[in-house]
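Notes follow once the structure below has been shown.
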Amino acid sequence: MRHNKILLFIKTPPPSTGVTLMNKIVYDSKRLKNSFCIRSICISYMKNLDDMGKVKINKIIIMLNVLIKLFSELYFHKPDIVYFQLSHHGISFFRDFFFVLIMKTHKIKILFHLHGIGIKQKSNLKKIFYKICFNNEEIICLSRLLSNDIEDVYNGNPFFVPNGIPKINIKPESKENNKPLDIIFLSNLFISKGILDFLEAMKILNLKHINFNATIVGAEGNQNNSSCISVNTIKKLLKENNLEYKVHFLGPKYGNDKYRILQNADIFCYPTHNDAFPLVILEAMQFGLPVISTKEGAISEIINDGETGFIVDKNSPEQIVKKLQILIKNPELKKKMGEAGRKKFIENYTIEKFENNLINILDNVLYD
């Protein structure tokens, strides 16, 4: 074990978002703990998706508790570096900015791990706050495709670490050749994840009299939030478009229940409008599913267009349908793409690969 002291300042589930799940992977990493002297400030401000964007008394109490822990770590344990995941939205950003200022006044090196996108679209005033955060610090981006998001606020050379997820022991299952292909959409029910485009594509497929089944898996968000779509709305759309017996809504599924659904699926369709590096695509690739998704964030790096799946434009159900028709009519191509995707997952997107990359970067920052 190296004797360098690293403080992990991270947010963990719930809720089960890509960011919190990746933070939990870092927090649970035995290899990281065996490589460095690790201490953690592990926090969760939300109990579920309904808490997103809300300011509650318990959140204020949690923040005060975090402040006490942070001062204790800085004064008594004096970390060599703090691994920090910066929030990008609303009051959460300014909360994290306050924590960063405290660390900077103690001259502690910070390694920011950026999981979201959208800094480039922030106001000039907010970019000043980002510049203060990132000045003389190190940054990890999820992909080279995302590095342009920070070019206005960071003068250094970022590191690049793609996300990774656990390998699952998958037992091959034979599928009936005459069975309609099952197309799956898996995400929390935010409009930005492309759920309405998916439903429109299923409507067009049905009008073309193409034989298929589809499955929607996802948790309902806060219905007072206009960015969410309700289960009742989905059911209404299915009924209006004669899709009740074609498209099945299963609600949220986790762990083995989710894996069984992926194992029984044939094609993964995720026409997201706003994502950086969606873990759900890695899950689909692991299960050998060809993926249809959008040119958003790092997705066109994850998916090799025409080899492991297809890239379509955002807000383009017609393009989704064309790609689905290609896969439905060409089962051998579907199988070949799925196999290529699984191979790419194993080579690039496992937890082991992620841990190797992160440990190498920590060494690089500590010994530079």
> Taking 1 over the mean of 1/r across every pair of different Cα atoms in segment 220-368, what Kirkwood radius in Å do you get?
Replying inline: 17.3
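Quote to one decimal, in nm, the extra length available between ASN157 and ARG31 on full extension: 0.36 nm per residue of separation minus the C-alpha distance between them.
Using 0.36 nm per residue and subtracting the Cα-Cα distance, I get 42.8 nm.
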> List the aspartates and glutamates whose alpha-carbon lies under 17 Å from that of LYS179, not counting same-chain residues fewer than 8 positions away?
Replying inline: ASP266, GLU332
>> Run the reach check for LYS69 against aspartates and glutamates, Cα to Cα strictly under 16 Å, same-chain hits fewer than 8 apart removed. What comes back?
In response: ASP96
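How much length, in nm to one decimal, is gained on full extension between ASP368 and ILE170, taken as 0.36 nm per residue of separation minus their Cα-Cα distance?
Value of the extension gain: 67.1 nm.
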> So for the chain, what percent of the C-alpha to C-alpha distances run longer than 36 Å?
Replying inline: 26
> Which three semi-axes in whole Å describe the equivalent ellipsoid of segment 208-278, each the square root of 5 times a Cα gyration tensor eigenvalue, listed largest first?
Replying inline: 20, 19, 13
>> Let me test this: with uniform point scatterers at the alpha carbons of segment 83-220, what is the Debye-based log₁₀ I(q)/I(0) at q = 0.14, 0.17, 0.20 1/Å?
In response: -0.83, -0.99, -1.19
> Sorted by mean Cβ packing within 10 Å, highest first, what order do the peptides 325-333, 137-145 take?
Replying inline: 137-145, 325-333
>> Set the bar at 27 Å for Cα to Cα. Now go through LYS5/LYS104; LYS120/LYS322; LYS122/LYS344 and name every pair that lies beyond it.
In response: LYS120/LYS322; LYS122/LYS344
> What are the semi-axes of the equivalent ellipsoid for segment 185-243, taken as the square roots of 5 times the Cα gyration tensor eigenvalues, largest first, in whole Å?
Replying inline: 22, 11, 9
> Cα convex hull of segment 163-303: mean projected area in nm², to one decimal?
Replying inline: 8.9
> Can you give the alpha-carbon Rg of segment 285-348 over 2.2 N^0.38 Å, where N counts its residues?
Replying inline: 1.05
> Put +1 on the Cβ of every Lys and Arg and -1 on every Asp and Glu Cβ in segment 67-207; which of ILE168, PRO79, ILE119 then has its Cα farthest towards the positive end of the dipole?
Replying inline: PRO79
> Taking LYS235 as the anchor, which aspartates and glutamates have their alpha carbon closer than 19 Å to its alpha carbon, excluding any fewer than eight residues away along the same chain?
Replying inline: ASP182, ASP197, GLU200, GLU220, GLU244
>> Given the DSSP H assignment, sum -39500 (n - 2.57) over each helix run of at least 4 residues in the chain and divide by its residue total; what's the result at 222 nm in deg cm²/dmol, nearest 500?
In response: -13000 deg cm²/dmol
> Any idea what angle helix 124-134 forms with the longest principal axis of the chain, computed on alpha-carbon atoms, 0 to 90 degrees, nearest 10?
Replying inline: 60
> Helix 255-264 versus the longest principal axis of the chain: what is the Cα-based angle in degrees, 0 to 90, to the nearest 10?
Replying inline: 40
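Readers should treat all values here as calculations from the given coordinates under stated rules, not as data from a laboratory. Computed from a prediction, not measured in an experiment: that's the story for all the values here. All Cβ positions, even for glycine, are placed from backbone atoms using ideal geometry, and neighbour counts span all protein chains on display.
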